[in-house]
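Below is one structure; the comments refer to it alone.
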Amino acid sequence: MGKLSMKGKNMTHKNEKLDGISIGKLDTSGFENLSYNNKILAYHLSRAGLHGKTISLAQTSEFNLDVADALIAIFDKLAVGGGIQEQVKQTLFKFFAHSGIYHEVTGEKLTFALTEESLNKIEFLYRDLQKSVLILKRVFFGDVARKIRTVQRSGVDTVVESGVNFYSSNLTQQEVLDFRKSFYPKWEGDRVPPYGFNQRVEKDQNGNITVKTICENGLYGKYVKLIIEELKSAVNYAENDKQKKSLETLITFYQTGDAKDFDAHSVAWVQDQDSTIYFVNGLIESYKDPLGIACNFESLVAFKDEETSKKVSKIIDYIVWFEENLPIHDEYKKVRVSKDGEESKEDLSGLSASSVNVVSMAGDTDPVLPLGINLPNSSWIRNDYGSKSVSLANVDKSRGEVNSVLLNELYLPKYQGIIGKYGTAMGTLHTNLHEIAGHGSGKQKEGVQANLLSSFYSVIEECRADLVALYYMPFQELKKMGVYDEDVNVEEAALAKYIDYITNGVFGQLRRLSLTTTSLAQAHFRNRQLISTWLIDNVPDDNLRVVYVDGKCFIEIEDLYVVHHYVGTLLREIQRIKSEGDHDAAKDLVEKYGTIIDKEKHENILSRVEKLELPSVSGFMNPQLVLKDGDVEISYFEDFISQSVELYKQYR
């Protein structure tokens with residue numbers, strides 16, 4: 001197959017939909033107005049990310065690359081049209097939309113359109129495809145692949161049961177824990193490098209356990225070398241010295257694979273606050289590791305949206321106020337030591353926030369993008385140097401339409417007006433508060449290491465950030481700050497968000513899961529259910545309750561401020577758990593409130609939204625930055641399958 005035709009950024013694009021998946025197109029308006037220097041910088045950063053997309057695919061399952069190779073071999077061989085060809089196309093679409101053989105949200109092994117009978121026919125007709133057919137039969141219809149990508153629950157060996165590819169399949173959880181305890185250096189204090197975050201643990205046939213490190217001359221070295229090449233090109237177009245240092249330290253990390261070098265990059269990266277081009281590139285999030293250590297590759301390239309950044313910056317302008325007014329123990333609030341030795345909350349200058357428009361993504365962010373990002377994840381770097389928050393403006397804009405479809409089905413009539421009026425804006429505000437005032441706040445107790453919470457860390461941290469956002473929404477002070485517009489009724493807006501959030505956490509988000517799913521695995525799903533069901537369990541029924549109307553369940557709030565008080569109570573405990581590294585308390589909360597699905601409510605919501613045919617996974621086409629006539633332009637492939645196949649071949 002030759003290079004597929006591409007259409008320009010102004011093409012009309014109707015979302016492609018299949019089997020609960022919707023793939024849309026990002027609005028990248030404004031990129032054309034950037035300087036050539038910024039455009040070519042974004043171009044090289046985009047290519048650096050795309051060279052890492054295969055790494056992420058391989059990390060998510062040991063079978064992903066073989067499956068992709070086999071599917072594309074069959075796709076290229078078969079004649080266009082016909083039932084089997086259509087099955088192959090649908091399978092390719094689903095595979096790349098979920099970034100592999102596991103469901104993007106639930107982590108469950110997917111079933112695909114391509115049947116065993118069709119594979120038998122392909123095998124009979126094309127002898128040169130027999131190897132490809134065998135691979136697909138083993139993975140799709142055999143038992144070689146685990147049923148769940150990431151298992152994080154008590155009573156099972158999470159390493160053995162998880163299908164993710166951070167550990168060889170012959171390892172046990174205890175073997176990994178014991179190995180890491182003896183292998184990595186002992187470290188005093190809380191400035192522990194993220195040991196293991198870029199490594200795969202393996203056991204050979206003699207029982208010897210070793211690690212393979214992702215670096216230039218190590219694991220996935222072929223791709224890392226290409227990433228380094230593009231990063232070196234990007235350095236030549238760095239906007240300023242801080243951005244240049246951020247890029248150079250990232251190159252050093254990829255060359256050495258040393259966790260300490262990644263910390264050095266993270267420090268340099270967070271200090272680059274004034275650049276127009278924003279990027280993330282590396283092993284970032286540990287959500288998919290059952291032990292919460294190893295991280296998936298991800299890349300994102302974006303440019304600053306100056307207009308929408310003005311609203312976001314208001315939160316930073318008053319960040320001291322947000323920190324001071326948290327309902328948590330004073331010892332867990334961020335403080336700085338001034339020159340005279342006195343503690344002060346006045347220096348939180350390391351925090352930054354902006355709004356950006358995405359122009360490229362790869363790995364863990366492709367095709368499903370978050371609404372916001374707050375990095376780095378290292379607690380000690382956040383404490384000492386701050387953090388950088390961004391809201392993804394063009395992602396948020398494209399997703400805002402779904403709420404109106406669900407309005408009549410999810411909420412009591414008395415709330416539909418305020419949710420229709422404020423829902424989209426409050427969703428954006430919640431994301432901004434979550435990323436900036438949430439993830440950017442609080443600190444560990446001195447000497448406490450964040451890894452004490454192990455696999456529960458991600459859920460607890462997402463809970464904490466969500467609770468901070470919810471806690472501040474009813475405050476009238478936000479209008480005085482300019483965070484709320486002048487015409488906003490703060491109480492109504494906050495009530496709209498509380499109803500929306502708790503509805504989603506108790507049963508709304510379950511619409512995206514099949515009835516066969518009995519427990520939650522994804523960190524954000526778990527944190528939303530934990531908060532919402534804890535509130536239902538602890539707020540007095542006369543203030544917050546689940547009600548049934550014509551057999552449908554709804555959330556009803558009688559007193560917003562009572563619920564707000566309990567939000568603060570839970571936030572205080574969640575912050576204590578994180579700050580003290582209280583593993584047992586984290587485990588108890590997550591397993592009691594954030595894991596088991598209420599089957600009755602699950603059935604209830606599915607019966608109500610089935611007719612709406614809403615997607616359970618929403619992703620985006622990947623904008624392509626191309627050199628043309630001495631400039632850099634954005635184009636799109638004609639469709640998602642064309643994009644997926646061509647990019648896989650190009651960067652495999």
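The values are calculated or read from the model by the stated rules, or taken from the named source; none is laboratory data. Owing to the predicted nature of the structure, the values given are computational and were not obtained by experimental measurement. Cβ atoms come from the backbone with ideal geometry, glycine included; neighbour counts cover every protein chain shown. Only protein heavy atoms, including side chains, enter the accessible area calculation; ligands, DNA and RNA are left aside. Shrake-Rupley method; radii C 1.70, N 1.55, O 1.52, S 1.80 Å.
Only one residue in ALA259, ALA238, ALA268, ALA234 is in contact with a Ser or Thr (Cβ under 6 Å, 6 or more places away or on another chain), hydrophobic (A, V, I, L, M, F, W, C) and modelled with pLDDT of 95 or more. Which one? So that I can check it myself, show each step before the final result.
Numbers: ALA259 fails: in contact with a Ser or Thr (Cβ under 6 Å, 6 or more places away or on another chain); ALA238 fails: in contact with a Ser or Thr (Cβ under 6 Å, 6 or more places away or on another chain); ALA234 fails: in contact with a Ser or Thr (Cβ under 6 Å, 6 or more places away or on another chain).
The conditions single out ALA268.
Inspect all residues belonging to the range 165-174 and state whether any of them is farther than 21 Å from GLY196 by Cα and either of a type in the set (A, V, I, L, M, F, W, C) or open to solvent by less than 50 Å² (accessible area, probe 1.4 Å) (or both). Walk me through how you get there before you give the answer.
Within the range 165-174, the first condition is being farther than 21 Å from GLY196 by Cα, and the residues that meet it are none.
No, the range 165-174 contains no residue that is farther than 21 Å from GLY196 by Cα and either of a type in the set (A, V, I, L, M, F, W, C) or open to solvent by less than 50 Å² (accessible area, probe 1.4 Å) (or both).
Is at least one residue of the range 190-197 open to solvent by 80 Å² or more (accessible area, probe 1.4 Å) and under 15 Å from ALA259 (Cβ atoms)?
Of the range 190-197, the ones open to solvent by 80 Å² or more (accessible area, probe 1.4 Å) are 191.
Okay, now just the ones that are also under 15 Å from ALA259 (Cβ atoms), so 191.
Yes, the range 190-197 contains a residue that is open to solvent by 80 Å² or more (accessible area, probe 1.4 Å) and under 15 Å from ALA259 (Cβ atoms).
Let's see how each residue does on (1) modelled with pLDDT of 95 or more; (2) out of contact with any strand residue (DSSP E or B) (no Cβ under 6 Å at 6 or more places or on another chain); (3) surrounded by 22 or more Cβ atoms within 10 Å (Cβ to Cβ):
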| residue | (1), (2), (3) |
| --- | --- |
| VAL320 | no, yes, no |
| LYS333 | no, yes, no |
| SER338 | no, no, no |
| SER344 | no, no, no |
| SER354 | no, no, yes |
| SER360 | yes, no, yes |
| ILE381 | no, yes, no |
| TYR385 | no, yes, no |
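If the requirement is being modelled with pLDDT of 90 or more, in a strand (DSSP E or B) and closer than 30 Å to TYR195 by Cβ, which of these qualifies: VAL368, VAL390?
Numbers: VAL368 fails: in a strand (DSSP E or B).
Answer to the check: VAL390.
Matching residues to (1) modelled with pLDDT under 95; (2) hydroxyl-bearing (Ser, Thr, Tyr):
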| residue | (1), (2) |
| --- | --- |
| LYS421 | yes, no |
| LEU429 | yes, no |
| ASN432 | yes, no |
| ALA450 | yes, no |
| SER455 | yes, yes |
| ALA465 | no, no |
| GLU486 | yes, no |
| TYR498 | no, yes |
| TYR501 | no, yes |
So in the range 590-638, with the set limited to residues that are more than 30 Å from LEU412 (Cα to Cα) and among the hydrophobic types (A, V, I, L, M, F, W, C), which one is most open to solvent (accessible area, probe 1.4 Å)? LEU627
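Is at least one residue of the range 517-527 open to solvent by less than 20 Å² (accessible area, probe 1.4 Å), among the aliphatic types (A, V, I, L, M) and either modelled with pLDDT of 95 or more or farther than 27 Å from GLU108 by Cβ (or both)? Break it down stepwise before answering.
We begin by selecting, within the range 517-527, every residue open to solvent by less than 20 Å² (accessible area, probe 1.4 Å); these are 517, 520, 523, 525-527.
Subset that is among the aliphatic types (A, V, I, L, M): 520, 523.
Still in the running and either modelled with pLDDT of 95 or more or farther than 27 Å from GLU108 by Cβ (or both): none.
The answer is no, given that none of the residues of the range 517-527 is open to solvent by less than 20 Å² (accessible area, probe 1.4 Å), among the aliphatic types (A, V, I, L, M) and either modelled with pLDDT of 95 or more or farther than 27 Å from GLU108 by Cβ (or both).
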Just need a number here: residues in the range 253-285 that are open to solvent by 20 Å² or more (accessible area, probe 1.4 Å), farther than 14 Å from LYS388 by Cα and assigned to a loop (DSSP other than H, G, I, E, B). 1
In this structure, is THR91 part of a helix (DSSP H, G or I), among the polar types (S, T, N, Q) and out of contact with any Asp or Glu (no Cβ under 8 Å at 6 or more places or on another chain)? yes
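So which of LEU625, LEU530 ends up being in contact with a helix residue (DSSP H, G or I) (Cβ under 6 Å, 6 or more places away or on another chain) and within 24 Å of HIS329 (Cα to Cα)? Write out each step before concluding.
Details: LEU625 fails: within 24 Å of HIS329 (Cα to Cα).
So the residue among LEU625, LEU530 that is in contact with a helix residue (DSSP H, G or I) (Cβ under 6 Å, 6 or more places away or on another chain) and within 24 Å of HIS329 (Cα to Cα) is LEU530.
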From (1) over 18 Å from ASP366 (Cβ atoms); (2) touching a residue at least 40 places away in the same chain (Cβ under 8 Å), pick out the condition that doesn't hold for ARG47. (1)
Would you say TYR237 is under 23 Å from the mean Cα position of the chain (by Cα) and not basic (Lys, Arg)? no
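Take the range 406-451 and flag every residue that is part of a loop (DSSP other than H, G, I, E, B) and in contact with a strand residue (DSSP E or B) (Cβ under 8 Å, 6 or more places away or on another chain). Please lay out each step first, then the result.
Going residue by residue through the range 406-451, those that are part of a loop (DSSP other than H, G, I, E, B) are 411-412, 439-449.
TYR411, LEU412, HIS439, GLY440 - these are the residues of the range 406-451 that are part of a loop (DSSP other than H, G, I, E, B) and in contact with a strand residue (DSSP E or B) (Cβ under 8 Å, 6 or more places away or on another chain).
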Go through the range 195-224 and give me each residue that's closer than 15 Å to ASN296 by Cβ and part of a strand (DSSP E or B). GLN199, ARG200, ILE214, LEU219
Given the condition buried (at least 17 other Cβ atoms within 10 Å of the Cβ) and under 23 Å from ALA496 (Cα atoms), answer yes or no: does some residue in the range 570-580 qualify? yes
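With GLU331, GLU324, GLU306 as the choices, which residue is without any contact (Cβ under 8 Å) to a residue 24 or more places away in the chain, closer than 19 Å to TYR385 by Cα and among the acidic types (Asp, Glu)? Spell out the reasoning first.
Numbers: GLU331 fails: without any contact (Cβ under 8 Å) to a residue 24 or more places away in the chain; GLU306 fails: closer than 19 Å to TYR385 by Cα.
That would be GLU324, the only listed residue that is without any contact (Cβ under 8 Å) to a residue 24 or more places away in the chain, closer than 19 Å to TYR385 by Cα and among the acidic types (Asp, Glu).
I want to confirm something. Restricting to the range 505-537 and keeping residues that are small (Gly, Ala, Ser) and assigned to a loop (DSSP other than H, G, I, E, B), which single residue is farthest from ASP19 (Cα to Cα)? Reasoning before the result, please.
Going through the range 505-537, the residues small (Gly, Ala, Ser) turn out to be 505, 508, 514, 519, 521, 523, 532.
Applying the additional criterion that residues be assigned to a loop (DSSP other than H, G, I, E, B) yields 514, 521.
Details: SER514: 12, ALA521: 21 Å.
This residue is ALA521.
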